[in-house]
Amino acid sequence: MKNILFTLLISTAVVGCSTAHIAPKENTTSIIPVVYQYDLKADEGQEVNGLSHDLDGYINQNIESLIKLDIELVSSSATGEVLSKTAYELLLSLGVDSGKIVVSKLEESNNIDFSLIAKKYEVQVPVCESKAIFAYGGDSYGCSVDSMRWATIVNPQKMLPQQSGNQFMSSQE
C-alpha cells in the first residue's frame with residue numbers, strides 16, 4: 001500500500017511540475033530585389049564622347065558594387081547602342097563576368113538613350129525576440145541562427161527555385 005501511495009505521489013508531482021509544450025513560431029524570410037538605374041540622354045548637339053566620359057566615370061566609381069550585381073544595359077537609340085557597347089567592353093575589362101551582363105534594346109521611343117540597370121537581392125529577416133527561460137518551446141527556436149545565415153548569403157536569389165524566362169523583368173517595372 002505504501003508503494004502504491006508513494007508511486008501516486010511521485011507521479012502527481014512530476015505531472016504537476018511539467019509545462020505544456022508550445023509549438024515554435026515559424027520564421028519568415030523575404031528576398032527583395034533592389035534595382036539601381038543610371039540613365040543617360042543626349043541633348044541636341046551633344047556628342048557621344050561627353051556621355052561616354054560620364055558613363056566611364058560612373059562605372060569606375062562604382063565598380064566594386066557593380067562587379068557583384070546582375071547588370072542590364074538597355075539602349076533605345078543609336079547613341080544608346082554606342083554607349084551600351086562602350087559600357088559592355090569597360091565592364092568586361094574591369095572584371096565583371098559576362099554571364100552577369102544582359103544587353104537589350106528597346107524598340108519603342110524613349111526619353112532616355114541608355115540605361116545601366118543593376119539588380120541585387122536583399123534578405124529581410126525577422127527580428128528575433130529574447131529567449132524566455134520559463135516558457136519552454138514558446139520562443140522561436142533557431143530564429144537568430146537562421147536569420148544570420150540568410151543575412152550572410154551573397155546571392156540569396158539562388159536559394160529560390162529557378163524561374164523560366166529572362167532574369168530581368170521588363171524595363172517598365
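The values are calculated or read from the model by the stated rules, or taken from the named source; none is laboratory data. This one's a predicted model, so the numbers in the text were calculated from it and none came from an experiment. Virtual Cβ from ideal backbone geometry, glycine too; neighbours counted across all protein chains shown.
Quick notes on this structure:
- The set of residues from segment 68-82 being small (Gly, Ala, Ser) and outside any loop (DSSP other than H, G, I, E, B) comprises 75, 78, 80.
- Residue within segment 56-71 that is touching an Asp or Glu at 6+ places or on another chain (Cβ under 6 Å), surrounded by 14 or more Cβ atoms within 10 Å (Cβ to Cβ), at pLDDT 90 or above and of a type in the set (S, T, N, Q) present: no
- Restricted to segment 75-116, and to residues there that are closer than 20 Å to residue 60 by Cβ and of a type in the set (Asp, Glu), the residue that is surrounded by the most Cβ atoms within 10 Å (Cβ to Cβ) is 97.
- The set of residues from segment 24-68 being within 22 Å of residue 99 (Cβ to Cβ), out of contact with any helix residue (DSSP H, G or I) (no Cβ under 7 Å at 6 or more places or on another chain) and of a type in the set (A, V, I, L, M) comprises 34, 35, 63, 67.
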